[in-house]
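The values are calculated or read from the model by the stated rules, or taken from the named source; none is laboratory data. Source: prediction; values computed, not measured. Using ideal geometry, Cβ is built from the backbone for each residue, glycine included, and neighbour counts are taken over all protein chains shown.
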Amino acid sequence: MLERGTAGSTASQPEARVACVEGHPTRILVADDHEILRLGLRAILEARSGWKVVAEAADGQEAIAQALASKPDIVIMDYWMPIMNGLEATRQIRACLPKTEIMIFTVHDSDMLVRDLLQAGARAYVLKSDAKRHLIAAVESLANHKPFFTGRISEHMLDACLAGYRGRGGGGALSPRERMIVQLIAEGHGNKESAAILNLSVKTVETHRATAMRKLNVASTAGIVRYAVRNKWVEP
């Protein structure tokens, strides 16, 4: 395995120091469910010339809404967030804003997670434990549209995923709405509460829940929870 602090650029290269393009600041969205962490990131980022935090979000659904509203150049996103995790939020933001670069900022160091995030469209992956060493360099790389990764990630995986490799397959993939409902259920929200959070009818939530359970081949809420924990959508 390879710790890959850069992929084509380093923080020491002159071009990686470009903080803004054509006089415009690099616009950044910070998405994390911990307010203290968001405030800390804002302070660090805005201390750099040419960088501006234009929006914050406390969950994945809010991250998508804020991204669509502010159209940032870069999104710094936690993986574990309520309502919708960073994986699904990344997928939806990249689908709507393909020029927006996304960095996953997480405590999790997992080959499987890195692969899934790469396939969803993330272009940088930094462990929170490595923030002091790598956060600034990662944002600089993304500002220049170059990927940046740290942690245990194989070169083969990186090259394959960036080239569009589609890892494990399987039919019956959950839809974005079904994934959100599965996560909410695993977080302990009932159908009525999930409906209120997503602004849906209870019947619609029940329909999505039943479809998701059929696709996942589970027969109970416990099965949904096990699936969500196994895929790191929620904390055990």
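Conditions tested, residue by residue: (1) of a type in the set (A, V, I, L, M, F, W, C); (2) surrounded by 22 or more Cβ atoms within 10 Å (Cβ to Cβ).
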{"residue": "Ala67", "(1), (2)": "yes, yes"}
{"residue": "Pro72", "(1), (2)": "no, yes"}
{"residue": "Ile76", "(1), (2)": "yes, yes"}
{"residue": "Met81", "(1), (2)": "yes, yes"}
{"residue": "Thr90", "(1), (2)": "no, yes"}
{"residue": "Cys96", "(1), (2)": "yes, no"}
{"residue": "Phe105", "(1), (2)": "yes, yes"}
{"residue": "Met112", "(1), (2)": "yes, no"}
{"residue": "Leu117", "(1), (2)": "yes, yes"}
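I'd like to verify a number: residues in region 207-236 that are at negative phi, out of contact with any Leu (no Cβ under 8 Å at 6 or more places or on another chain) and surrounded by fewer than 16 Cβ atoms within 10 Å (Cβ to Cβ), how many?
12
For region 67-74, indicate whether the set of residues that are closer than 21 Å to His108 by Cα and in contact with a Ser or Thr (Cβ under 9 Å, 6 or more places away or on another chain) is non-empty. Walk me through how you get there before you give the answer.
Of the residues in region 67-74, the ones closer than 21 Å to His108 by Cα are 74.
Applying the additional criterion that residues be in contact with a Ser or Thr (Cβ under 9 Å, 6 or more places away or on another chain) yields 74.
For region 67-74, residues closer than 21 Å to His108 by Cα and in contact with a Ser or Thr (Cβ under 9 Å, 6 or more places away or on another chain): present.
What residue, among those in region 187-236 that are closer than 21 Å to Gln61 by Cβ and among the hydroxyl-bearing types (Ser, Thr, Tyr), is modelled with the lowest pLDDT?
Tyr227
Condition first: assigned by TED's automatic domain parsing to the domain that holds Ile28, among the polar types (S, T, N, Q) and modelled with pLDDT of 90 or more. Can you find one or more residues in region 76-86 that meet it?
Going residue by residue through region 76-86, those that are assigned by TED's automatic domain parsing to the domain that holds Ile28 are 76-86.
Checking which are among the polar types (S, T, N, Q) leaves us with 85.
Pick out the ones that are also modelled with pLDDT of 90 or more and you get none.
No, region 76-86 contains no residue that is assigned by TED's automatic domain parsing to the domain that holds Ile28, among the polar types (S, T, N, Q) and modelled with pLDDT of 90 or more.
Mind listing whichever residues of region 179-236 are farther than 20 Å from His108 by Cβ and among the β-branched types (Val, Ile, Thr)?
Result: Ile181, Ile185, Ile197, Val202, Thr204, Val205, Thr207, Thr211, Val218, Thr221, Ile224.
Out of all the residues in region 116-132, which are within 12 Å of the chain's Cα centre (by Cα) and assigned to a helix (DSSP H, G or I)? Walk me through it before giving the result.
Step one: filter region 116-132 for residues within 12 Å of the chain's Cα centre (by Cα), giving 116-126.
Correct list: Asp116, Leu117, Leu118, Gln119, Ala120.
In region 101-114, how many are more than 19 Å from Ala58 (Cβ to Cβ) and touching a helix residue (DSSP H, G or I) at 6+ places or on another chain (Cβ under 6 Å)?
Total satisfying the criteria: 1.
Residues of region 41-87 being part of a helix (DSSP H, G or I), closer than 24 Å to His134 by Cα and touching a residue at least 24 places away in the same chain (Cβ under 8 Å), which ones?
To start, the set of residues in region 41-87 that are part of a helix (DSSP H, G or I) comprises 41-46, 60-70, 86-87.
Filter once more, so that each one left must be closer than 24 Å to His134 by Cα: 41-46, 60, 63, 67, 86-87.
Passing the criteria: Leu41, Ile44, Leu45, Gly60, Ala63, Ala67, Gly86, Leu87.
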